[in-house]
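Just below is one structure, and these are the notes that go with it.
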Number of protein chains: 2
Amino acid sequence: MNPTHEQLVAFVTTVEAGSFSAAARRLGKAQSLVSTHVANLELEFGFALFDRSKRLPVLTANGRRMLAEALSLLEQREHLLGVARRLDQRIEPRLRLAIDEFYPERLIGGLMDDFAARFPTVEVELHFPLLDDVGRMIDAGSADLGVMCRPSEPLATLETRPIGRVPLRLVCGRDHPLAAGGFEREDLKRYRQLIVATRGQRSSRQAERIAPDVWWVESHFVMLELVKHGVGWTLMSDHVIAASPARPELVTPIAPGLERWVELELGWHRQRGLGIAGGWLRDRLLAEALPDRWPPLER
Amino acid sequence: MNPTHEQLVAFVTTVEAGSFSAAARRLGKAQSLVSTHVANLELEFGFALFDRSKRLPVLTANGRRMLAEALSLLEQREHLLGVARRLDQRIEPRLRLAIDEFYPERLIGGLMDDFAARFPTVEVELHFPLLDDVGRMIDAGSADLGVMCRPSEPLATLETRPIGRVPLRLVCGRDHPLAAGGFEREDLKRYRQLIVATRGQRSSRQAERIAPDVWWVESHFVMLELVKHGVGWTLMSDHVIAASPARPELVTPIAPGLERWVELELGWHRQRGLGIAGGWLRDRLLAEALPDRWPPLER
DNA sequence: ACCTTCTATCTGGATTACAGATGGATTCCA
DNA sequence: TGGAATCCATCTGTAATCCAGATAGAAGGT
């Protein structure tokens with residue numbers, strides 16, 4: 001009986017993702033690889049981990065029991081890697097950042113300039129994921145450090161610190177009924193609301209909905225295009241609005257009684273830890289938290 | 001950074017065995033494989049685990065730190081395997097026993113007869129190791145269940161239960177000065193003592209020495225041949241004496257004040273556990289412990 | 001009924017794993 | 001001091017394994 005790390009990862013990721021195909025997408029592997037890894041694990045163990053009578057695999061009782069063991073083992077392994085990483089006196093060769101699009105880009109520029117000067121040998125990957133969750137990327141090992149919106153259900157494997165919040169403004173098209181302002185908060189419910197979210201995020205984003213009529217869109221830019229055309233209204237941060245090609249056709253009317261913001265936090269893997277360069281960047285990001293007061297948008 | 005299970009096993013076994021070559025022998029692998037596994041682990045970690053300036057590798061400070069992590073991880077993995085094994089309702093296909101030669105063979109015959117009837121599909125390996133330590137075999141995974149002498153430094157990874165003791169008799173050749181009997185205990189020190197032990201066991205067997213002049217021999221049978229020829233005397237159990245081709249030329253004089261015996265115990269891997277068949281045999285071996293009184297040797 | 005998505009199986013190419021041979025160095029013993 | 005034994009690192013060749021991608025069948029949703 002010799003289960004491999006990859007088999008255990010395939011098993012655990014299948015449970016978390018809900019299917020072999022979703023697990024494969026998350027891991028960046030072929031679906032057949034995940035399917036085969038789990039099947040081989042079941043052969044080695046001598047019992048089924050999943051019930052496959054329906055289209056989607058469902059954990060068996062034994063599977064639940066082994067899931068607990070596998071999670072524990074993978075956690076222990078991350079711990080070992082974390083210890084090794086801390087003992088490693090070298091600067092890591094690569095750092096992968098995942099930054100939610102709500103985080104203002106202008107804060108990153110100067111910081112990464114300093115980083116480049118200090119760590120010229122580190123290859124940086126800068127992701128602004130939307131189709132993936134930042135927290136899940138860190139958990140899965142495809143990102144080392146990330147800026148994310150505070151999740152409703154935080155992942156236990158992440159170490160997180162709050163770094164501030166970004167205020168959100170009401171945005172609509174010039175011809176939208178809300179464009180002139182002078183309306184009550186209740187009036188917002190009469191018009192369609194657009195919310196940015198990926199397929200897996202709808203449940204966690206339900207708290208953001210105000211209107212009963214909601215469209216979910218997987219792109220900030222596309223959504224603002226729709227807003228420009230009067231499809232509905234949304235709540236968006238200044239820097240995203242400023243960067244949109246639709247900017248000239250967008251208006252941000254005063255919404256009395258509507259103070260909304262996005263709480264952002266920095267996260268990294270608790271056990272895996274960070275290298276020297278990653279630790280430096282984390283400390284800088286924590287030190288330079290978001291400002292409390294925001295300048296008004298330039299016209 | 002993706003250390004494999006085999007790399008961690010090679011690392012840990014090298015520490016325990018004292019060298020890459022000894023680890024390779026213990027694992028039944030090529031020396032180059034162990035050497036390469038550890039070297040690759042060091043490349044991944046980014047620091048040396050061993051100091052190789054002398055002929056034998058010596059753990060570095062970082063290596064000691066990683067050893068603790070690796071042992072913990074391997075223990076956790078054994079735990080997972082143990083859980084899987086207990087959930088596995090099938091009878092295991094193979095059971096490997098390692099039995100110290102001090103354990104009387106005649107107690108095994110009937111027991112294994114019952115075992116064969118009850119578990120006809122289980123392939124049994126029966127080892128009577130001398131060049132290997134029973135406890136280490138279980139620890140390393142090359143034996144599932146074992147009968148061993150109580151070690152002076154028990155392995156923490158083993159679950160053990162005492163199963164009795166085997167009395168030892170003084171044995172010498174017919175022409176040896178001690179053959180006639182009628183001597184005091186102090187007289188034993190005047191003659192050479194022969195002790196069975198492998199290379200790694202001398203330190204743990206020091207407690208058995210009575211005479212200052214000791215020969216260490218790696219075979220019960222060879223040792224009794226030497227005793228027959230008057231090279232020295234030894235302490236041995238009845239059943240080993242009875243089975244020796246040298247038996248007719250050996251005598252067992254009464255040694256007043258010399259009560260010696262070997263404490264035997266049953267052991268298995270704490271985390272890895274045992275299957276259904278192995279569990280059955282363990283329970284039978286525990287239930288049928290060694291008798292307290294021994295019949296005299298037949299002439 | 002049709003489309004989308006999922007799973008299990010199969011194929012082929014690439015990569016990896018490992019045993020064994022070898023040379024150089026260290027250590028021990030006579 | 002010299003020879004033998006043992007150890008380690010490197011190299012080679014063979015075999016086995018790994019994985020992506022294609023495919024067919026089934027489940028589920030609209």
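A compact table of results
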item	result
Of the criteria (1) within 12 Å of DNA strand D (Cβ to nearest atom); (2) within 14 Å of chain B (Cβ to nearest Cβ), which one A:Leu33 fails	(2)
Boolean, B:Arg77 is within 14 Å of chain A (Cβ to nearest Cβ), modelled with pLDDT of 85 or more and open to solvent by 60 Å² or more (accessible area, probe 1.4 Å)	no
Matching residues, the stretch A:48-63, being without any contact (Cβ under 8 Å) to a residue 40 or more places away in the chain and more than 11 Å from chain B (Cβ to nearest Cβ)	A:Phe50, A:Asp51, A:Arg52, A:Ser53, A:Lys54, A:Arg55, A:Leu56, A:Val58
Residue match in the stretch B:65-73 (condition: surrounded by fewer than 20 Cβ atoms within 10 Å (Cβ to Cβ), farther than 16 Å from B:Thr4 by Cβ and within 13 Å of DNA strand C (Cβ to nearest atom))	no
Pair list, Cβ under 7 Å, 6 or more apart: the stretch B:196-217 residue closer than 15 Å to B:Leu235 by Cβ, other residue at pLDDT 75 or above and assigned to a helix (DSSP H, G or I)	B:Val196/B:His220; B:Val196/B:Met223; B:Ile210/B:Leu188; B:Ile210/B:Lys189; B:Ala211/B:Leu188; B:Ala211/B:Lys189; B:Val217/B:Met223; B:Val217/B:Leu226
Test result for B:Ala24, within 16 Å of DNA strand D (Cβ to nearest atom), within 21 Å of B:Ala140 (Cα to Cα) and outside the structural domain of B:Ala242 (by TED's automatic domain parsing)	yes
Top-ranked residue in the stretch A:118-139 [being closer than 11 Å to A:Leu95 by Cβ and open to solvent by less than 80 Å² (accessible area, probe 1.4 Å); ranked as modelled with the highest pLDDT]	A:Phe119
Pick from the stretch A:25-36, criterion near DNA strand C (Cβ under 10 Å from one of its atoms) and not hydrophobic (A, V, I, L, M, F, W, C), ranking: least open to solvent (accessible area, probe 1.4 Å)	A:Ser35
Of the criteria (1) within 22 Å of B:Arg136 (Cβ to Cβ); (2) surrounded by fewer than 17 Cβ atoms within 10 Å (Cβ to Cβ); (3) within 13 Å of DNA strand D (Cβ to nearest atom), which one B:Ala10 fails	(2)
In the stretch A:80-90, the residues that are open to solvent by less than 20 Å² (accessible area, probe 1.4 Å) and either more than 10 Å from chain B (Cβ to nearest Cβ) or within 28 Å of A:Pro129 (Cα to Cα) (or both)	A:Leu81, A:Gly82
Subset of the stretch A:103-139 (residues that are out of contact with any helix residue (DSSP H, G or I) (no Cβ under 9 Å at 6 or more places or on another chain) and among the aromatic types (Phe, Trp, Tyr))	A:Phe128
The listed residue being modelled with pLDDT under 90 and either more than 13 Å from DNA strand D (Cβ to nearest atom) or open to solvent by less than 60 Å² (accessible area, probe 1.4 Å) (or both), out of B:Pro93, B:Pro57	B:Pro93
Condition met for A:Ala277 (buried (at least 21 other Cβ atoms within 10 Å of the Cβ), under 23 Å from the mean Cα position of the chain (by Cα) and assigned to a helix (DSSP H, G or I))	yes
The stretch A:175-188, residues that are in contact with a Pro (Cβ under 9 Å, 6 or more places away or on another chain), in a loop (DSSP other than H, G, I, E, B) and loosely packed, with under 15 Cβ neighbours inside 10 Å	A:Ala180, A:Gly181, A:Gly182, A:Glu184
Residues located in the stretch A:5-24, provided they are near DNA strand C (Cβ under 10 Å from one of its atoms) and either touching a His at 6+ places or on another chain (Cβ under 7 Å) or not hydrophobic (A, V, I, L, M, F, W, C) (or both)	A:Thr14, A:Gly18, A:Ser19, A:Ser21
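The values are calculated or read from the model by the stated rules, or taken from the named source; none is laboratory data. Here the structure is a predicted model, which means the values were calculated and not measured. Reconstructed Cβ throughout: ideal geometry from the backbone, glycine too, with neighbour counts over all protein chains shown. To get the accessible areas, we keep the full protein, side chains included, count just its heavy atoms, and leave off ligands, DNA and RNA. Shrake-Rupley method; radii C 1.70, N 1.55, O 1.52, S 1.80 Å.
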